[in-house]
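Before any comments, here is the structure.
The values are calculated or read from the model by the stated rules, or taken from the named source; none is laboratory data. Everything numeric in this text was worked out from a predicted model, so none of it was measured. Here the Cβ is made from the backbone with ideal geometry for all residues, glycine too, and neighbour counts use every protein chain on show. Protein only, heavy atoms only, side chains kept; ligands, DNA and RNA dropped before computing areas. Shrake-Rupley method; radii C 1.70, N 1.55, O 1.52, S 1.80 Å.
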Amino acid sequence: MRLYEVTDAYRTVLSMIEAQHDGEGTADPVDWAPYLDTIRDDLTVKAESVAKMVRQLGAEADAISAEAKMLAAKAAARDNSAKRLKDYLLGCLVSAGVEKVTGALLTISVQQSPATVSVVDAYQVPIEYLRAPTPLEDRVDKRVALAALKAGEQVPGLELVEGGKHVRIR
């Protein structure tokens, strides 16, 4: 008997007991105890089995979460190692004065990063360079400001920051 069948059996017995009662609250002399004991034993075994499965699934979920955290930490470490190696490669190529290296499988080139806008004082930025969201520093429309600064305009509160160099590996 499955757990839901045990539950249904309890409901059936309960409704049968209720149906036996007459209008004055007396019951027929039927002994339900042996039947109820059998159902109770089945329910105990089934409920305990389900509870064990719940514990097992919870333990597996915890183990998977721990493994995911460990893998995320490994991925972050690998990303950091790759970034350090890329910076090291850039430094070596720049100090050697080499702009491009073509290998059998890869082409490595030193490229100029694009210029960016730095907000020096957000309260001085003219309204035509602002967008709607807040906070104030996030309201600066850096694309419009970048175009104006590249065109040689002076924009209060903003400055043009020339991009550095970066390595591109293809």
At 0.890 mPa s and 25 °C, plugging the Kirkwood radius over alpha-carbon pairs of the range 44-170 into Stokes-Einstein gives what diffusion coefficient in µm²/s? 123
Kindly sort Asp79, Asp8, Asp141 by accessible area of their heavy atoms, largest first, with the probe set to 1.4 Å. Asp79, Asp8, Asp141
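Just add up the charged neighbours of Ala76: K/R +1, D/E -1, any other residue whose Cβ is under 13 Å from the Cβ of Ala76.
Counting the neighbours of Ala76, the net charge comes to +4.
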When Lys and Arg each count +1 and Asp and Glu each count -1, what net charge do the other residues less than 15 Å away from Asp62, Cβ to Cβ, add up to? 0
Could you tell me how far the Cα centroid of the range 141-170 sits from the Cα centroid of the range 96-122, in Å? 15
In Å², nearest 10: area of Ile64 left accessible to a 1.4 Å probe: 120
How big is the equivalent ellipsoid of the range 42-89 along its three axes, where each semi-axis is √(5λ) from the Cα gyration tensor, reported in whole Å from largest to smallest? 46, 4, 4
Within the set of other residues whose C-beta is less than 13 Å from the C-beta of Val94, count the net charge using Lys and Arg as +1 and Asp and Glu as -1. +1
